[in-house]
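J.: Below you will find the structure I want to go over with you.
The values are calculated or read from the model by the stated rules, or taken from the named source; none is laboratory data. Model, not experiment: these values are computed from the prediction. In this analysis, Cβ positions are derived from the backbone assuming ideal geometry, glycine residues included, and neighbour counts consider all displayed protein chains.
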Amino acid sequence: MVLVLLEHKDGEIKKSSKEAASFAADLAMSTGEKAVGLIAGGATNSNELGALGIEEIFEFEAADYLDSQQWTQVIEQAYQKLQPTFIVLSNNSLGKSIGGRIAVRLNKGLISNVIQFKSEESKPIFRKSVYSGKAFAWYAFQSNEGIISVMPHGYGVFPNKNKQVTASKIDISIPSGNVKLKERNLLKGKTPLTEADIVVSAGRGLKDPSNWKMIEELADLLNAATACSRPVADAGWRPHYEHVGQTGIAIRPNVYIAIGISGAIQHLAGVNNSKNIVVINKDPEAPFFKAADYGICGDLFEIIPKLNEALRRAK
Ligand SMILES: Cc1cc2nc3c(=O)[nH]c(=O)nc-3n(C[C@H](O)[C@H](O)[C@H](O)COP(=O)(O)OP(=O)(O)OC[C@H]3O[C@@H](n4cnc5c(N)ncnc54)[C@H](O)[C@@H]3O)c2cc1C
């Protein structure tokens, strides 16, 4: 059995969990096991999960918010009851904070940020990104079991399976948390940066926070999320949750548009796994051009208004 943790928001399975589910289903198929999902109660869309290849769902009752220590214990208890060979998580913020804890608790190996697997000598081996996305390496577990976290946007969602899903309750007693949630402010209506397909990101080349209007307009026209380089967040021009890079969020959208960002190694560490990188910079020597799939060398203050105008017309 391959067990995948399914996270949801307002009843919708998160995209990162759908990817983890697709990975778990393919892994289960290759090892001749079945893929099962673990989900906090009340959000089961059997058709959707069946299409992703999940055959059984285990639901447990839980409060709206669990901290990472509580999540760890949820998974530990699920493991004791179900004895899966592999536990699959997304390498999102929850997966990053609980993957290591679960591995220690269960005394199993953890392979994080996985993007692919294949069978070698009838054992699955896993490909992951290393050195801040500069290289890839294949890893195997010593024993044929362990914990895997799947890189968001790293594997894909494949709703092409047609499994019948059975739903069961699993009895999990949730310990009281050590952390008390006092206040929670969720940004309404915006795609979280880590889930966005297209990201429009800008840096110090914008010169002043008031110039972000055109960046926001471009993002709206493309239905994209906005991001920024670190100095821009440090200066208070943009909120810190938009800061991407080595010390910020790591993302892997289909399209990353970098505007007025030099492409320092610490910035690239968080974005160079993007599928397509578009760079707009006036300096032909800007290091970002080396990582770019498409580049426009010119003044952003001329290019962005023209781009917005063209997109408005095309719409
Ligand atoms: C330990 C450590 C961790 C770090 N972590 C991060 C991190 O997580 N994320 C991060 O982003 N940085 C990080 N940094 C900082 C990083 O090294 C760079 O300083 C930073 O990324 C530079 O930001 P920038 O590209 O916006 O600004 P700059 O380096 O100032 O680049 C601005 C760019 O805009 C271009 N430009 C200017 N005017 C125009 C115009 N009119 N039209 C077009 N282009 C124009 C310039 O040619 C230039 O390339 C870290 C640094 C350290 C030491």
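J.: State yes or no: is L218 in a helix (DSSP H, G or I) and not assigned by TED's automatic domain parsing to the domain that holds K14?
T.: Values: in a helix (DSSP H, G or I): yes; not assigned by TED's automatic domain parsing to the domain that holds K14: yes.
Taking the combined requirement at face value, the residue satisfies it.
J.: Moving on to the next point. Can you tell me which residue in segment 164-214 is nearest to the ligand (Cβ to nearest atom), limited to those that are hydrophobic (A, V, I, L, M, F, W, C) and in a helix (DSSP H, G or I)?
T.: Of all residues in segment 164-214, those hydrophobic (A, V, I, L, M, F, W, C) come to 165, 167, 170, 172, 174, 179, 181, 186-187, 193, 196, 198-200, 202, 206, 212, 214.
Still in the running and in a helix (DSSP H, G or I): 193, 206, 212, 214.
Numbers: L193: 13, L206: 8, W212: 13, M214: 12 Å.
That would be L206.
J.: Please tell me if S119 is assigned to a strand (DSSP E or B), under 21 Å from the mean Cα position of the chain (by Cα) and among the hydroxyl-bearing types (S, T, Y). Walk me through it before giving the result.
T.: Working: assigned to a strand (DSSP E or B): yes; under 21 Å from the mean Cα position of the chain (by Cα): no; among the hydroxyl-bearing types (S, T, Y): yes.
For S119, the condition - assigned to a strand (DSSP E or B), under 21 Å from the mean Cα position of the chain (by Cα) and among the hydroxyl-bearing types (S, T, Y) - is not met.
J.: While we're looking at this one, here's another question. Quick one: would you say D171 is acidic (D, E) and over 30 Å from K306 (Cβ atoms)?
T.: Working: acidic (D, E): yes; over 30 Å from K306 (Cβ atoms): yes.
Considered against the rule, which asks whether it is acidic (D, E) and over 30 Å from K306 (Cβ atoms), D171 comes out as yes.
J.: Would you be able to say whether some residue in segment 226-242 is assigned to a helix (DSSP H, G or I), more than 10 Å from the ligand (Cβ to nearest atom), in the same structural domain as G295 (by TED's automatic domain parsing) and without any contact (Cβ under 8 Å) to a residue 24 or more places away in the chain?
T.: Going residue by residue through segment 226-242, those that are assigned to a helix (DSSP H, G or I) are 230-234, 240-242.
Adding the requirement that they be more than 10 Å from the ligand (Cβ to nearest atom) leaves 240-242.
Filter again for in the same structural domain as G295 (by TED's automatic domain parsing), leaving 240-242.
Still in the list and also without any contact (Cβ under 8 Å) to a residue 24 or more places away in the chain: 240.
Scanning segment 226-242 turns up at least one residue that is assigned to a helix (DSSP H, G or I), more than 10 Å from the ligand (Cβ to nearest atom), in the same structural domain as G295 (by TED's automatic domain parsing) and without any contact (Cβ under 8 Å) to a residue 24 or more places away in the chain.
J.: Checking S129 against (1) at pLDDT 95 or above; (2) assigned to a strand (DSSP E or B), which test does it fail?
T.: (1)
J.: Just name the residue that is surrounded by the most Cβ atoms within 10 Å (Cβ to Cβ) out of those in segment 122-162 that are touching a strand residue (DSSP E or B) at 6+ places or on another chain (Cβ under 6 Å) and of a type in the set (A, V, I, L, M).
T.: V150
J.: Sort out which residues of segment 171-210 are surrounded by fewer than 17 Cβ atoms within 10 Å (Cβ to Cβ) and at pLDDT 90 or above, and write them in order of number.
T.: D171, S173, I174, D197, R204, K207, D208, P209, S210 - these are the residues of segment 171-210 that are surrounded by fewer than 17 Cβ atoms within 10 Å (Cβ to Cβ) and at pLDDT 90 or above.
J.: Can you name every residue in segment 273-301 that is out of contact with any strand residue (DSSP E or B) (no Cβ under 8 Å at 6 or more places or on another chain), more than 8 Å from the ligand (Cβ to nearest atom) and outside any loop (DSSP other than H, G, I, E, B)?
T.: K290 - this is the single residue of segment 273-301 that is out of contact with any strand residue (DSSP E or B) (no Cβ under 8 Å at 6 or more places or on another chain), more than 8 Å from the ligand (Cβ to nearest atom) and outside any loop (DSSP other than H, G, I, E, B).
J.: Please go through segment 136-168 and give me each residue that is within 26 Å of S97 (Cβ to Cβ) and among the charged types (D, E, K, R), ordered by number.
T.: Within segment 136-168, just E145 meets the criteria.
J.: Separate question: Scanning segment 243-271 for residues that are modelled with pLDDT of 95 or more and more than 10 Å from the ligand (Cβ to nearest atom), which turns out surrounded by the fewest Cβ atoms within 10 Å (Cβ to Cβ)?
T.: V255
J.: Can you name the residue in segment 1-36 that is assigned to a strand (DSSP E or B) and among the β-branched types (V, I, T) and, of all such residues, is modelled with the lowest pLDDT? Steps first, please.
T.: Taking segment 1-36 as the starting set, the residues that turn out to be assigned to a strand (DSSP E or B) are 2-6, 8-9, 12-13, 35-36.
Filter once more, keeping what is among the β-branched types (V, I, T): 2, 4, 13, 36.
Numbers: V2: 98, V4: 98, I13: 91, V36: 97.
The selected residue is I13.
J.: Which residue pairs have Cβ atoms under 9 Å apart, sit 6 or more places apart or on different chains, and have a first residue in segment 124-146 that is closer than 17 Å to N107 by Cβ and a second that is surrounded by 16 or more Cβ atoms within 10 Å (Cβ to Cβ) and of a type in the set (K, R)?
T.: Qualifying pairs under 9 Å: F141/K108; S143/K108; E145/K108; G146/K108.
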